[in-house]
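Enquirer: For reference, the structure I am asking about is given below.
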Amino acid sequence: MDQRELDLIQRLATHDQELKALYDEHLDLKRQVESLRSKHYLTAADEVEMKRIQKLKLASKDRMMAILQRHQNEAR
């Protein structure tokens with residue numbers, strides 16, 4: 001996400017609870033990925049967990065982008 005999208009998400013999240021929940025989830029998943037990446041060695045279970053978290057993170061981003069698109073369409 002670029003800075004413009006982040007600014008828009010933060011502004012709209014004050015009025016859109018679904019967007020706020022998705023953004024919070026996305027940030028939590030990002031922290032989890034960063035935590036795993038900080039390890040010196042990933043076990044096979046860690047690698048599977050990393051892939052699972054990355055998929056969830058991508059799905060939350062896709063849902064946020066759909067909500068942003070919906071808001072942009074409503075503004076027209």
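Enquirer: By counting other Cβ atoms within 10 Å of each Cβ, how are H40, H71, H26, H15 ranked from fewest to most?
Expert: The order, fewest Cβ neighbours first, is H40, H15, H71, H26.
Enquirer: I'm spelling it out carefully: the read-out is Rg/Rh (Cα atoms, Kirkwood Rh), the candidates are (1) 1.00; (2) 1.09; (3) 1.27, and one was derived from this structure. Which label?
Expert: Matching the structure shown: (2).
Laboratory data are not the source of any read-out in this text; all were calculated from the coordinates shown. All figures in this text were calculated on a predicted structure; none of them were measured in a lab. Glycine also receives a Cβ, built like all others from the backbone with ideal geometry; neighbour counts cover every protein chain displayed.
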